[in-house]
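Asker: What follows is a structure written as structure tokens; I'll ask about it next.
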Amino acid sequence: MTDGCRLVMLGRQGAGKGTQCVRVARHFDVPHISTGDMLRAAVRAGSEVGLRAKGFMDRGELLPDEVIIEVVDEQLTGSESTRGGFVLDGFPRTVAQAEALDKIVAPLGGLDVVIDLDVPVSVVLERLASRRVCEKCGANYSVAEPPTNPWVCDACGGDVVQRDDDTPVAIRRRLDLYEQETAPLVAWYAERDLLETVDGLGDADDVSERIIAVIDARRSKR
Ligand code: ADP
Ligand code: ZN
């Protein structure tokens, strides 16, 4: 049985959240909702939210809570596609966002599980420096694992580039903000008995298996 799953993925920048969320969403056949991907698409489209977000993103700062909460609320409640579940990637990142999410998902049945994908800072620093992403679909690559044709996305043919915010200064700022604003959510969700910590080190396939095993164990208890 692989139907449904309402999941939040936590983990510092470079932990492999994006890659794993795509796989988990496919496995459970639910949408992958990545606030970073949504905002980058909004920037490319030149929408109002995009124009507002660009400066925050390039500096590695968080958008104001009320702006991002509205974006996510619209995505989760404005469409039928999330009825069967979702994988949330990049949200919540502050306690205020977690509180808002609680209210947003209450009518959908609440969250099933929150996964903290754990990778040490020393490792993520290396990964972020070599990270490359598809501009169009958000697929992840690295200098060590480029697409088949450099630098054209295997999945969609888009350009694979270094993100504007993968500069040393913006990376440091995002990691600092993660410790200050987002890491407290680990305890916050543990108190609500929703937290599972998964080791994010090693082969991506092994990490996916660990994550899916943890989710299945949770679901069988429900
Ligand atoms: P990373 O996890 O590497 O920081 P993301 O792709 O998840 O990158 O997000 C990129 C940027 O988008 C963030 O640095 C921030 O400016 C903005 N952003 C994404 N999600 C949120 C959020 N939940 N709250 C505030 N800002 C956000
Ligand atoms: Zn692509």
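Asker: Given the condition more than 19 Å from residue 9 (Cβ to Cβ), free of Cβ contacts under 8 Å to residues at least 60 places away in the same chain and in contact with a helix residue (DSSP H, G or I) (Cβ under 7 Å, 6 or more places away or on another chain), answer yes or no: does some residue in the range 145-162 qualify?
Answerer: Scanning the range 145-162, I find no residue that is more than 19 Å from residue 9 (Cβ to Cβ), free of Cβ contacts under 8 Å to residues at least 60 places away in the same chain and in contact with a helix residue (DSSP H, G or I) (Cβ under 7 Å, 6 or more places away or on another chain), so the answer is no.
Asker: Same structure, new question: Which of the residues belonging to the range 151-162 are among the β-branched types (Val, Ile, Thr) and either within 15 Å of ligand 1 (Cβ to nearest atom) or closer than 20 Å to residue 33 by Cβ (or both)?
Answerer: Answer for the range 151-162, where residues must be among the β-branched types (Val, Ile, Thr) and either within 15 Å of ligand 1 (Cβ to nearest atom) or closer than 20 Å to residue 33 by Cβ (or both): just 161.
Asker: Look through the range 156-174, keep the residues that are away from ligand 2 (no atom under 16 Å from the Cβ), surrounded by 18 or more Cβ atoms within 10 Å (Cβ to Cβ) and not in a loop (DSSP other than H, G, I, E, B), and return whichever of them is nearest to the chain's Cα centre (by Cα).
Answerer: 174
Asker: Quick one: is residue 186 modelled with pLDDT of 95 or more and either closer than 21 Å to residue 8 by Cβ or surrounded by 19 or more Cβ atoms within 10 Å (Cβ to Cβ) (or both)?
Answerer: yes
Asker: Going by the conditions given, is residue 133 within 14 Å of ligand 2 (Cβ to nearest atom), buried (at least 16 other Cβ atoms within 10 Å of the Cβ) and among the hydrophobic types (A, V, I, L, M, F, W, C)?
Answerer: Yes; evaluated as a whole, the condition is true for this residue.
Asker: I'm checking my understanding of the structure. Among residues of the range 65-99 that are of a type in the set (D, E, K, R) and without any contact (Cβ under 8 Å) to a residue 60 or more places away in the chain, which one is surrounded by the most Cβ atoms within 10 Å (Cβ to Cβ)?
Answerer: Of everything passing the filter in the range 65-99, 65 is surrounded by the most Cβ atoms within 10 Å (Cβ to Cβ).
Asker: Name the residue, out of 94, 148, that is modelled with pLDDT of 95 or more, among the β-branched types (Val, Ile, Thr) and within 12 Å of ligand 1 (Cβ to nearest atom).
Answerer: Going through 94, 148 in turn, just one is modelled with pLDDT of 95 or more, among the β-branched types (Val, Ile, Thr) and within 12 Å of ligand 1 (Cβ to nearest atom): 94.
Asker: What tally of residues in the range 43-56 results from selecting those that are of a type in the set (A, V, I, L, M, F, W, C) and either modelled with pLDDT under 95 or more than 10 Å from ligand 1 (Cβ to nearest atom) (or both)?
Answerer: Matching residues across the range 43-56 total 4.
Asker: Given the criteria of a type in the set (S, T, N, Q) and in contact with a Gly (Cβ under 8 Å, 6 or more places away or on another chain), does residue 140 qualify?
Answerer: It is true that residue 140 is of a type in the set (S, T, N, Q) and in contact with a Gly (Cβ under 8 Å, 6 or more places away or on another chain).
Asker: Turning to a different aspect of this structure: Quick one: in the range 20-31, of everything that is more than 12 Å from ligand 1 (Cβ to nearest atom) and closer than 16 Å to residue 117 by Cα, which residue is surrounded by the fewest Cβ atoms within 10 Å (Cβ to Cβ)?
Answerer: 23
Asker: Say we look at the range 6-47 and pick out the residues that are in a loop (DSSP other than H, G, I, E, B) and touching a strand residue (DSSP E or B) at 6+ places or on another chain (Cβ under 8 Å); which of these is farthest from residue 132 (Cα to Cα)?
Answerer: The extreme case among them is 30.
Asker: Which residue pairs have Cβ atoms closer than 6 Å, lie 6 or more positions apart in sequence or on different chains, and pair a first residue in the range 122-141 that is within 16 Å of residue 40 (Cα to Cα) with a second residue that is of a type in the set (Ser, Thr, Tyr) and within 13 Å of ligand 1 (Cβ to nearest atom)?
Answerer: 140/19
Asker: Of everything in the range 164-208, what is in contact (Cβ under 8 Å) with a residue 12 or more places away in the chain, touching a strand residue (DSSP E or B) at 6+ places or on another chain (Cβ under 9 Å) and farther than 22 Å from residue 24 by Cβ? Give them in sequence order.
Answerer: Residue satisfying the conditions is 166 alone.
The values are calculated or read from the model by the stated rules, or taken from the named source; none is laboratory data. Here the structure is a predicted model, which is why all the values come from computation and not from measurement. Don't worry about glycine lacking a Cβ; one is built from the backbone with ideal geometry, like all the others, and counts go over all protein chains shown.
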